[in-house]
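Below you'll find the structure, written out as structure tokens, and then a few comments.
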Number of protein chains: 2
Amino acid sequence: MLREETIDVGALELDCGETLPAVQQRVTIDGADPLPSGENIVFAAHALTGSSRVAEWWPQVVGDGALFDRRYWCVIGINVLGGCYGSTRPQERVTVRDIVRAQLRVFDKLGIPRLAVVAGGSLGGMQALQWALDAPERVGHAIVIGASDHHTAMGIALNAVQREAIALDPVRGVALARKIAMLTYKSDDLFRERHDRKADRKGRAQFDVEGYLDHQGEKFVERMDGATYTLLTHAMDSFDVRDRVAPPGVDLTFVGISSDWLFRPQEIRAAAKRLHARYLELESNHGHDAFLAEPDRLRDLLAPIVAVPLSSRA
Amino acid sequence: MLREETIDVGALELDCGETLPAVQQRVTIDGADPLPSGENIVFAAHALTGSSRVAEWWPQVVGDGALFDRRYWCVIGINVLGGCYGSTRPQERVTVRDIVRAQLRVFDKLGIPRLAVVAGGSLGGMQALQWALDAPERVGHAIVIGASDHHTAMGIALNAVQREAIALDPVRGVALARKIAMLTYKSDDLFRERHDRKADRKGRAQFDVEGYLDHQGEKFVERMDGATYTLLTHAMDSFDVRDRVAPPGVDLTFVGISSDWLFRPQEIRAAAKRLHARYLELESNHGHDAFLAEPDRLRDLLAPIVAVPLSSRA
């Protein structure tokens, strides 16, 4: 099945104190039919620039033979509150907690009291952790990839310079923000391997890596707008759950990426320790992006701890 | 003595093939009188935003009791070709080799055939290495801090996004470029220690680290212009001497900084190995900036290998 709909979740109080009168959430439900027990339902929380269409941004994680194989798993995606792919985008600043509050309402509306897994990377990982903390009775296993229990000063600073680029120019600034972000998503070693000091492949008076960034910036402005980018980076910046205790009854797993310098593995390991959670490390030279770029390694790492849903055994 | 002058070094051929008809170099000579042997002369090569006034940007490295104590050392600084502190700024792109070619002419004009030390960090380190390679007979010891034998793909990419900010807005873009650069000069741990997730100290709706960056950007636009920034980042990008062999007769030292993620210590160690040079590591959580921010540690690290000049023994 593949179902897409916009669900009205009603009025929503935000952490800033304001109340949004009528919040819409864009939802995509894909894969196997959901079991009433919820044991084959995975909610895949998207990162900064994703959408409810999980199969578009995590194709090899929900494809045939993948970690969450859609033949057996019911894969649900929701465009975050503030996103530009069909959900309400408020004027107010939102937090990760606000985003999750709206998502829990979606599952109420869908009549799904409990699901097997919430998983996501980066901003998606923050959501997965917030789920575990705010609704431990509603999720069996929260998988937090490339995110710790707070956004660091360096993370905040990197988001700030990206927002400032957008403030300089609403189009070219969005492209520039993306380029800056791409540097934080990749690693030095990967860039050396791919680009090193090679000349531009189109013969322009620049290096190959500059042409690569130009291409990334151009593609990005077609699918993202500055207001959403600004809103969601502020949401990331707001994230800090270091005052929370380990959620009872939730299997909680953190995954650090060995070459990630935006969300450093040592930070993630420390967060796992604070929350008495499992810590696994994805060995990769892809940097932060490894949660998207290394689906096979991610599957090998997580398959042993993700319960196979009943439907696959039937 | 303290002497400042603008020296005309005549026509200069550039690596791009063009010839500049009349090149001026702004020079500051400070400290002890130079000995005819040159053994108390140090040329301190400045980084991206410095000037010929070494005492302004490296005060604790040339002050009393410092590594190059001006009571004994004659400290010479030259604003780089393309700089905005008194030297010629060409329309053409320049390379580190061009910059050093102009500097060698300055020493010809000053009647200094040989000096004891050339030292610098970052772009200044690239100059020190280029000196050792291009004029090994003219320098006793080249000290290359926070720089390797080539600029990496990540380094190029980071410079490219900074230039793009300047292309968006010649004033606010320069401030933004500086902010981006500051992130690459500092370290995650330092930011955590200094700013963590603290609120803005002036009560604005932002984090402390954002206020810090704003302040850095504002200060910077008063002393730097976009054309120089663009020209000199291109010069850095052009730097690649991996095809060169170890210079004969020069004592060559590379210094990596443990927390530097712009010029990673492992890269610098590898460069030292390729050039059969000494490698030392500065332990610091200041990141790339440690060559400016940790003068005491730098002195402790380098004092054992920097010969004390005769004048101090007299």
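The values are calculated or read from the model by the stated rules, or taken from the named source; none is laboratory data. This is a predicted model, so every value here is computed, not measured. Note that we place each Cβ from the backbone using ideal geometry, even for glycine, and neighbour counts take in every protein chain shown.
Of everything in region B:142-181 that is more than 8 Å from chain A (Cβ to nearest Cβ) and in contact with a Leu (Cβ under 6 Å, 6 or more places away or on another chain), the residue that is surrounded by the most Cβ atoms within 10 Å (Cβ to Cβ) is B:Val144.
I'm trying to understand the selection: among the residues of region B:194-211, which are within 26 Å of the chain's Cα centre (by Cα) and either over 20 Å from A:Glu267 (Cβ atoms) or more than 8 Å from chain A (Cβ to nearest Cβ) (or both)? Reasoning before the result, please.
Filtering region B:194-211 down to residues within 26 Å of the chain's Cα centre (by Cα) leaves B:194, B:209.
Answer for region B:194-211, where residues must be within 26 Å of the chain's Cα centre (by Cα) and either over 20 Å from A:Glu267 (Cβ atoms) or more than 8 Å from chain A (Cβ to nearest Cβ) (or both): there is none.
Given the condition within 24 Å of B:Asp98 (Cβ to Cβ), crowded, with 19+ Cβ neighbours inside 10 Å and either free of Cβ contacts under 8 Å to residues at least 60 places away in the same chain or not polar (S, T, N, Q) (or both), answer yes or no: does some residue in region B:63-70 qualify?
Quick first cut of region B:63-70, residues within 24 Å of B:Asp98 (Cβ to Cβ) only: none.
Looking through region B:63-70, none of the residues is within 24 Å of B:Asp98 (Cβ to Cβ), crowded, with 19+ Cβ neighbours inside 10 Å and either free of Cβ contacts under 8 Å to residues at least 60 places away in the same chain or not polar (S, T, N, Q) (or both).
Listed here are the residues, each with its yes/no results for (1) touching a strand residue (DSSP E or B) at 6+ places or on another chain (Cβ under 6 Å); (2) under 13 Å from A:Met154 (Cβ atoms); (3) outside the structural domain of B:Arg138 (by TED's automatic domain parsing).
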| site | (1), (2), (3) |
| --- | --- |
| B:His195 | no, yes, yes |
| B:Lys202 | no, no, yes |
| B:Asp225 | no, no, yes |
| B:Pro248 | no, no, no |
| B:Asp251 | yes, no, no |
| B:Pro265 | yes, no, no |
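Within region B:182-193, if we keep just the residues that are facing chain A (nearest Cβ under 7 Å) and not aliphatic (A, V, I, L, M), the residue that is farthest from the chain's Cα centre (by Cα) turns out to be B:Arg192.
Residues that are in contact (Cβ under 8 Å) with a residue 40 or more places away in the chain, surrounded by 16 or more Cβ atoms within 10 Å (Cβ to Cβ) and either aliphatic (A, V, I, L, M) or at positive phi (or both) do occur in region B:211-227, at least one of them. For region A:242-266, filtering for residues that are within 13 Å of chain B (Cβ to nearest Cβ) and either crowded, with 20+ Cβ neighbours inside 10 Å or in contact with a Gly (Cβ under 9 Å, 6 or more places away or on another chain) (or both) leaves 8. If the condition is being among the acidic types (Asp, Glu) and over 20 Å from B:Ser259 (Cβ atoms), then region B:180-207 contributes only B:Asp200. Selection of region B:127-141 for residues being under 16 Å from B:Ala235 (Cβ atoms) and either buried (at least 24 other Cβ atoms within 10 Å of the Cβ) or within 14 Å of another protein chain (Cβ to nearest Cβ) (or both) yields B:Gln127, B:Ala128, B:Leu129, B:Gln130, B:Trp131.
Okay, residues lined up against (1) free of Cβ contacts under 8 Å to residues at least 60 places away in the same chain; (2) touching a strand residue (DSSP E or B) at 6+ places or on another chain (Cβ under 9 Å):
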position: A:Glu5; (1), (2): yes, yes
position: A:Pro21; (1), (2): yes, yes
position: A:Arg26; (1), (2): no, yes
position: A:Leu48; (1), (2): no, no
position: A:Ser51; (1), (2): yes, yes
position: A:Val80; (1), (2): no, yes
position: A:Thr95; (1), (2): no, no
